[in-house]
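Some notes on the structure that comes next.
The values are calculated or read from the model by the stated rules, or taken from the named source; none is laboratory data. These numbers come from a predicted model, not from an experiment. Every residue, glycine as well, gets a Cβ built from its backbone with ideal geometry; the counts of neighbours run over all protein chains shown.
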Amino acid sequence: MESDVFSGTFALVTGASSGLGEEFARQLAHRGCNLVLSGRSREKLETLASDLARINGVATRVVTADLAQPGGAEQLALIIDDLGTKIDHVINNAGFGSAGDFSETELQRQTTMVRVNCEAVVCLSRHFLPGMLKRNRGGIINVGSTAAYQPTPYMATYGASKAFVVSFSAALAAELEKSNVRVLACCPGPVPTGFQAAAGMPEGSVLKFAKLEPNAVVQRTLEAYAAGRVVYVPGKVNSVQTTLSKIFPRAIVVRAAKYTMRKLGRAPGA
């Protein structure tokens, strides 16, 4: 039962102050899961933590951390250790993207993206996994993207970072298949969370036919995690798109992705 997976356990949610991270926190609390909420905005996190504790009767902790800084993920893990909290589930949700011609983008933004989207996932997974294995329960949800399924011109670093997340998650799940510890890569398509604006994509550019609301994405992801899935793509349209990305030759897939980015107004000559 799903409640048996989450009830009475502790989950770390990164990027919990808004978007999918906040929704993960709300739905986990509703399932009786205690929470460590992490992000950069202490005020937002403390308000959320207070609300979830009051409404759901769960224990909540707030740890501010900036995963974009060198050593940020390691610092977060050590602070949680000092709290004495045993983490059963890690929700590696924190991440960001950047759209535009790679040759014109700011180098630091690109390298920082790799640190947050990839390095932090590896660090937090490695830090908390031994405890999960010792207790033989829990697991990791890594938030990827449908962009993982094809090279994405004009979001080259972002797409590659999410491809890393999917590959890493699938490999880790295979290593753990004889245990009760699970790993899931969730690969949502367009979700109206503010991600597009932060990535520099114009308002209204989200593909409406593929869009899912955050509550639906998180609900389906938690169900897939509880069921022991390894990779999950929420939504039928997104699922078809990722399947086609595997079938068609890469040259065609990349050309289609480039065309899509031009339609969204993020490619030169758009």
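Here are the numbers for this structure:
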| read-out | value |
| --- | --- |
| Condition met for V63 (of a type in the set (A, V, I, L, M), farther than 21 Å from K134 by Cα, assigned to a strand (DSSP E or B) and at pLDDT 95 or above) | yes |
| S38, sole failed condition from (1) of a type in the set (S, T, N, Q); (2) part of a strand (DSSP E or B); (3) over 27 Å from R220 (Cβ atoms) | (3) |
| Leading residue by the ranking (surrounded by the most Cβ atoms within 10 Å (Cβ to Cβ)) among those in the range 110-154 that are among the β-branched types (V, I, T) and assigned to a helix (DSSP H, G or I) | V121 |
| Residue in the range 200-220 that is modelled with the highest pLDDT, counting only those that are outside any loop (DSSP other than H, G, I, E, B) and within 22 Å of A99 (Cα to Cα) | P214 |
| Counted residues, the range 160-183 - those being under 30 Å from V254 (Cβ atoms) and over 20 Å from the mean Cα position of the chain (by Cα) | 0 |
| Per-region count, the range 21-69, residues surrounded by 23 or more Cβ atoms within 10 Å (Cβ to Cβ) and of a type in the set (D, E) | 2 |
| Residue in the range 157-164 that is assigned to a loop (DSSP other than H, G, I, E, B), surrounded by 20 or more Cβ atoms within 10 Å (Cβ to Cβ) and among the aromatic types (F, W, Y) present | no |
| Any hit, the range 93-100, residues being in contact (Cβ under 8 Å) with a residue 24 or more places away in the chain, small (G, A, S) and assigned to a helix (DSSP H, G or I) | no |
| Tally, over the range 221-249, of residues that are surrounded by 14 or more Cβ atoms within 10 Å (Cβ to Cβ), outside any helix (DSSP H, G or I) and at pLDDT 70 or above | 7 |
| Checklist (1) modelled with pLDDT of 95 or more; (2) assigned to a helix (DSSP H, G or I); (3) aliphatic (A, V, I, L, M) applied to A197, failing item | (1) |
| G84, sole failed condition from (1) among the small types (G, A, S); (2) touching a Ser or Thr at 6+ places or on another chain (Cβ under 8 Å); (3) closer than 28 Å to V181 by Cβ | (2) |
